[in-house]
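Step one of this worksheet: look at the structure below.
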Ligand code: FES
Ligand code: FES
């Protein structure tokens, strides 16, 4: 596999050995799914979180990315960073931190942006599911 030389070794590592690749059942009430696309290049990233409904802790994460090496590496890092954190904590993860961690060049910043957006979308999806589940309980009670 040939990657341009400007890639930092952490990118190559996360690209060759991506962490947490795969999917959870998106209908699982403890799962939040974020699906985002980059208009600039058409790449798509799906990031899922699995939440402990009692503690609100993100206990696991998965991703599937159809995109460039930087997008794959960014999603891999994102899944590692969200695990063990609270949802409000992961909302503060910035794409610039991911980009810095991977030493992404400026033209690849939008790839790390996908990861930030995907985390936010996954949290939003989980919260929307939880809200509608609560509403359902109230309605049938
Ligand atoms: Fe994997 Fe830092 S090298 S998250
Ligand atoms: Fe578009 Fe990387 S080139 S996500």
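Can you give me the relative contact order of the range 51-141 as a percent, contacts being Cα pairs under 8 Å and 6 or more apart?
Reported as a whole number, the value is 26 percent.
As a check on your grasp of the helix formula, calculate [θ] at 222 nm for the chain: sum -39500 (n - 2.57) over DSSP H runs of n ≥ 4, divide by the residue count, round to the nearest 500.
Only helices count here, giving -14500 deg cm²/dmol.
Once the Cβ-Cβ distance between residue 21 and residue 57 is put in as r, and R0 is 25 Å, what FRET efficiency do you end up with, to the nearest 0.05?
Plugging the Cβ-Cβ distance into 1/(1 + (r/R0)^6) gives 0.70.
Among 55, 33, 79, which one moves the most in a GNM of the chain with springs linking Cα atoms closer than 10 Å?
The residue with the greatest mean-square fluctuation here is 55.
Highest GNM mean-square fluctuation, the chain, Cα pairs closer than 10 Å: which of 19, 130, 62?
130
Working from the pairwise distances between different alpha carbons, so that the mean of 1/r is found and then inverted, what is the range 64-126's Kirkwood radius in Å?
So the Kirkwood estimate lands at 11.5 Å.
Of all beta bridges DSSP finds with both residues in the chain, what is the antiparallel percent, to the nearest 5?
Within the chain, antiparallel bridges account for around 95 percent of the total.
Give, to the nearest whole percent, the P(r) tail of the chain beyond 27 angstrom, counting all Cα pairs.
Percentage above 27 Å: 21.
Sorted from fewest to most neighbouring beta carbons within 10 Å, what does the list 88, 57 look like?
By the 10 Å Cβ count, ascending: 88, 57.
Bear in mind that the values in this text are calculations on the coordinates, not laboratory data. Bear in mind the structure is a predicted one, so any value in this text is a computation, not a measurement. Counting neighbours? That spans all protein chains shown, and the Cβs are built from the backbone with ideal geometry, glycine included.
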